[in-house]
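The next block holds one structure in the form of structure tokens; read it before the comments.
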Amino acid sequence: VKVMLRVSNPTGSSPSEPGSSNSFFSLDKRKKQVTLIDPSTCNGTVAPEDRRVGVAAPKMFAFDAIFSQDDSQ
């Protein structure tokens, strides 16, 4: 079984629109990895004592192939 991921913009938005930032999401096509970051910890406004254990750590997922919105079908 091969697992592939296709990432696209939400319907009706473009990458240049305000609010369509991927600050919670990082895509590494070379390593075929996606990293998810808790958006509440991205801007650093949460005090360390207010964080729950294990929430602030980024979650990484690896795939056999990753396709972004720049790739053709």
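The values are calculated or read from the model by the stated rules, or taken from the named source; none is laboratory data. Bear in mind that the values here come from a model prediction, so they are computed numbers and not experimental data. Note that each Cβ is placed from the backbone with ideal geometry, even for glycine, and that neighbours are counted across all protein chains shown.
What to note about this one:
- Residues in the range 49-73 that are farther than 15 Å from M4 by Cβ and modelled with pLDDT under 75: E49, D50, R51, R52, V53, G54, V55, A56.
- When we screen V46, V34, V1 for residues that are surrounded by 12 or more Cβ atoms within 10 Å (Cβ to Cβ) and either modelled with pLDDT of 80 or more or of a type in the set (K, R) (or both), the only hit is V34.
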